[in-house]
Structure formats: C-alpha cells, structure tokens
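What follows is a set of notes on a single structure, which appears directly below.
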Amino acid sequence: MIMDSTKTSWNALSPVIVNPRQWKKFLPHIRLYVINVFKYGNFSTNVNSRKYWNKKLSSKVGGRWRVQPYRHVFKYFPRDEEFSVLDIGSALGDGPIFIQETYPKAKVSGLEFSDTGIEIARRKSDVIHWHHLDILKDSIPKVYDYVIIVHTLEHFDDPLFVVNKCLRAARGSLIINVPYDEDTDRKMFGVTEHRYFFDKTTFEKFYCRSIEIVDDGKSIIYEIRV
C-alpha cells in the first residue's frame, strides 16, 4: 500500500486488558499485535507499515492482483481524449497497467510506498510513471486531471487528511473506491489492516458530484470535484 503509520496506540487495547471476559473476542487482535511487534517492529495497532506490505506484496507475485475494482472508475474518464491520472496505492502496478491498456491516450502514473510493490510495478511497465513515496509524509510531485484511490483509503487512520492532500493534486476529480458499510462512518477498533468504515455521509463536507454503491453493496464510489 502507501503509507507507514506506526504511532503507538495502547488505548485501543485497554478493553482487552481491563475486562478478561473480552479476551476470547480479542485473541485474533492480540495475536496480530504480537506478530506486528516481533516480526515488523511496529508497536501500533495499525499494521500497515512498509515492512508489512513488503512481505504481503511479495506473496502476491504472479498473475494480476486487485484489478477488478478499477473497472468501476472507468466511467469517470473521457473515452477518446488525452488525460492524466494518478493512482494512489498502486501495490504491484496492475491497476495502472489496466487503465493504460483501456485508455491508450492517457498519461498514467502510479504511487506506491512499498519497496517490493514499486520494484515489481516498474518491471511490469516502463510506460507508466511510478512514484515511490509515502503519501503521509511526502508531497505529490505533480497535478493530474484525475486522482484515484482504489481500495486503499480504508488503510488510513485519518482518511480525510489523505483526501485533502489528493485534492490539491487533482485538476478535475478525485475518485475514491472503498469498502462500504451502511450507516457506519467511523474509525475501526482493534489491530487491523482496515482502519475506517465508510458510508454515504463520510465525505459530505466535500463537493461529491456522485456517490454510487457497487459490487452488490460491498463497495462505494465517490467522485469529489475540485
């Protein structure tokens, strides 16, 4: 993925410590936290460190990974015109490559913070411009007609910070595709990869030109205009 959020978060574990009746419920979280500490040196309840994603993406090599969700953003692009697009959280690069194949006139860029992900993505395509940086710490170097975030924003503790940063890099629209949880707009609890629930109200303070539920209610797409 695309960020390294490793601040210690002991408060999230306090219910487990003070209430033994909850231990069984939280055993998977405790197990993951122990792995997170000893394997990746990460003391946060947010497991999304660079080391974690380097390991995970190294196990996804072969074939195409995480391409299907990109189909839902195609409708927002002009069919026979040149345009530029930046994909946030490109993982192994298959999403941007899919866009380039579908829109040959497009100038496609991908952004990824995992060393493994960006190395594999660069081997797959030398046509796409790849950026190896951390969206939480580094500046987006250019402005694009479209910025897209496909099944990535849910990995952040503060998705609104990322959205504001991406809007500054978008000339036209920011298109977001994330898991959908009806009537639930809040941060997730526990030691998890996914950090946030999204519903139709999550980005109501922004200029959402359209909101669409897809994948049989499993995902939601927002088009936020600049």
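Working note: Karplus 6.51/-1.76/1.60 with θ = phi - 60° gives the range 111-119 the couplings 10, 8, 9, 6, 4, 5, x, 5, 5 Hz, where Gly and Pro are set to x. Need the list of lysines near residue 105 for cross-linking: C-alpha distance under 17 angstrom, and skip anything on the same chain fewer than eight residues off. Cα-Cα hits under 17 Å: 75. May I ask which of 51/218; 142/165; 60/107; 56/137; 56/107; 55/142 have a Cα-Cα span longer than 18 Å here? Beyond 18 Å: 51/218; 60/107; 56/137; 56/107; 55/142. Can you give the local net charge around residue 69? Use residues other than it whose beta-carbon is closer than 14 angstrom to its beta-carbon, Lys and Arg +1, Asp and Glu -1. My count for the surroundings of residue 69 gives -1. Cross-link reach is defined here as a Cα-Cα straight distance under 18 Å, omitting same-chain residues fewer than 8 places apart; for residue 187 the aspartates and glutamates meeting it are 4, 154, 157, 158, 199, 204.
Please work out whether the range 38-119 counts as rounded, prolate or oblate from its C-alpha gyration tensor, where a ≥ b ≥ c are the square roots of the eigenvalues and a/c under 1.5 means rounded, while otherwise a/b larger than b/c means prolate and anything else oblate? Cα axes put the range 38-119 in the prolate bin.
FYI, it's all coordinate maths here, none of it is from the lab. Please read all numbers here as calculations on a predicted model, not as lab measurements. Glycine gets a Cβ as well: all are built from the backbone with ideal geometry, and neighbour counts include every protein chain shown.
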